[in-house]
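Visitor: Below is the structure I would like to discuss, written out as structure tokens.
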Amino acid sequence: MDENGTDTEPTPDLDRTYRIANTVDLGSYEQSREVCAGDLNGDGSVNVTDLNMLIAMWGSCGGCNADIDPSPCGNGTVNVSDMLLLISNYGACEESFGGGEGGGGGGGGENMAEIIMACYESCEAEYASGSPAFLDCLMQCIEAALD
């Protein structure tokens, strides 16, 4: 409890700055930084690198960081719902501190969503969804569309 009777404000370091951490415990003086869903490598944007990481983890996975939907813990499987959430956040992540919703918003997500869904549908017509051939087709199609 502090002087105004609450204990919910972030606690600054002695120099009155906040420590920012994604997954590292920095001690009692910290404030967490929310990362937007889909930023699998933590670089501050959701992009083709994150998409490739998600595709590489496709299928059953216990606790992998690509299992982002349903929020916050996933469902044990990386699938279309995870891909759609990643696409919806495509672009630069907006920085959000202390319990806010992380989110995308850098633009370009709508066009990317169309590209990915067209590739998904094309590959699904030829291969069993989730099979190695399907995943290879999906990655090659997306990379070709981006070139």
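The values are calculated or read from the model by the stated rules, or taken from the named source; none is laboratory data. If you're wondering where the values come from, they're calculated on a predicted model, not measured in any experiment. Heads up, the Cβs are rebuilt from the backbone with ideal geometry, glycines too, and the neighbour counts pull from every protein chain shown.
Visitor: Restricting the search to region 34-56, which residues are under 13 Å from G91 (Cβ atoms) and not hydroxyl-bearing (S, T, Y)?
Guide: Answer for region 34-56, where residues must be under 13 Å from G91 (Cβ atoms) and not hydroxyl-bearing (S, T, Y): C36, A37, G38, D39, D43, G44, V46, N47, V48, D50, L51.
Visitor: Which members of region 24-49 meet the condition of being at pLDDT 90 or above and of a type in the set (S, T, N, Q)?
Guide: The answer is N41, S45, N47, T49.
Visitor: Just give me the residues in region 50-90 being touching a residue at least 40 places away in the same chain (Cβ under 8 Å) and assigned to a strand (DSSP E or B), in sequence order.
Guide: Hit for region 50-90 is G59, nothing else.
Visitor: Next question. Residues that are under 21 Å from the mean Cα position of the chain (by Cα) and not in a helix (DSSP H, G or I): does region 110-124 have at least one?
Guide: No: zero hits.
Visitor: When you scan region 35-58, how many residues do you find that are touching a strand residue (DSSP E or B) at 6+ places or on another chain (Cβ under 6 Å) and either of a type outside the set (A, V, I, L, M, F, W, C) or exposed (fewer than 15 other Cβ atoms within 10 Å of the Cβ) (or both)?
Guide: Number of matching residues: 3.
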